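Reviewing the structure listed below.
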Amino acid sequence: MQSEYDSQNIFARILRGELPSFKVYEDADTIAFLDIMPQSDGHTLVVPKEAAVDLFGLSEAGAAAAIRTTQIVARAVRETFAPDGIVISQFNGAAAGQTVPHVHFHIVPRYASQALRGHAREQASMDVLKAHAERLAAALAKR
Ligand code: 5GP
């Protein structure tokens with residue numbers, strides 16, 4: 001597993017504001033934005049701001065902040081998209097499916113009528129992502 005943190009990874013660049021994202025939530029320790037290649041409608045990523053490759057490199061405080069934000073955002077995802085279920089996942093190491101080497105949590109809504117799309121496969125339409133982000137951000141803003 002990779003242990004050295006690469007400060008040029010894509011989420012580090014999003015955190016620094018060097019790359020855009022459809023951000024729906026931010027606090028002192030975490031940020032949440034839509035996955036650009038969503039496995040289902042509303043697929044959202046929660047990213048601790050701490051520079052850590054994976055769960056093993058994250059401090060206990062960082063882990064606590066990340067799971068707190070994951071619960072907050074997952075509640076809003078449930079309210080906004082009314083899925084039949086929600087998967088929360090977190091991958092450590094390429095062998096486990098991790099493709100971006102900055103620790104993050106996936107919130108993946110599941111719909112009984114919709115098959116799950118491939119992991120990190122197909123970029124969604126920017127218009128659809130924007131519309132989903134606006135709805136989710138609105139739910140988070142009024143909580
Ligand atoms: P991992 O495979 O590391 O657990 O998950 C990385 C996730 O980040 C994938 O689901 C992939 O679709 C998503 N992703 C990759 N590049 C970008 C990007 O530039 N912006 C956003 N918002 N998501 C990305």
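Label the stretch 77-119 by shape, choosing from rounded, prolate and oblate, from the square roots a ≥ b ≥ c of the eigenvalues of the Cα gyration tensor; if a/c is under 1.5 it is rounded, and otherwise prolate applies when a/b is larger than b/c, oblate when it is not.
Numbers: a/c = 3.41, a/b = 1.93, b/c = 1.77.
Cα axes put the stretch 77-119 in the prolate bin.
Sequence neighbours fewer than 8 away in the same chain don't count; with that in mind, list the lysines whose C-alpha is under 23 Å from K142.
Partners within reach: K23, K130.
Starting from the alpha-carbon convex hull of the stretch 10-141, give the projected area averaged over all orientations, in nm².
7.5 nm²
For the stretch 15-68, which GluC sites (Glu not before Pro) are both in a DSSP coil and crowded by at most 13 other Cβ atoms within 10 Å?
Details: sites: E18, E26, E50, E60; in loops: E18, E50.
Qualifying residues, ordered by number: E18.
List every residue whose amide H lies under 5 Å from the amide H of V103, counting only residues 5 or more places away in sequence or on a different chain, with H placed 1.01 Å from N in the peptide plane.
Amide H neighbours of V103: A52, V53, D54.
Pick out which of Q98, Q90, Q114 has the largest mean-square fluctuation in a Gaussian network model of the chain, springs linking Cα atoms closer than 10 Å.
The residue with the greatest mean-square fluctuation here is Q114.
Out of residues 5 or more away from V24 or on other chains, whose amide H comes under 5 Å of its own, with H placed 1.01 Å from N in the peptide plane?
A32, F33, L34
Where the only charges are on Cβ atoms (+1 Lys, Arg; -1 Asp, Glu), what is the dipole of the chain about its Cα centre, to the nearest 20 debye? Kindly include the intermediate steps, with their values, before the conclusion.
Numbers: 14 positive and 16 negative charges, 85 e Å.
So the dipole magnitude of the chain works out to roughly 400 debye.
Here, each number is a calculation from the coordinates, and none is a lab measurement. Quick caveat, the model's predicted, so the values are computed rather than measured. We place every Cβ from the backbone using ideal geometry, glycine too, and count neighbours over all the protein chains shown.
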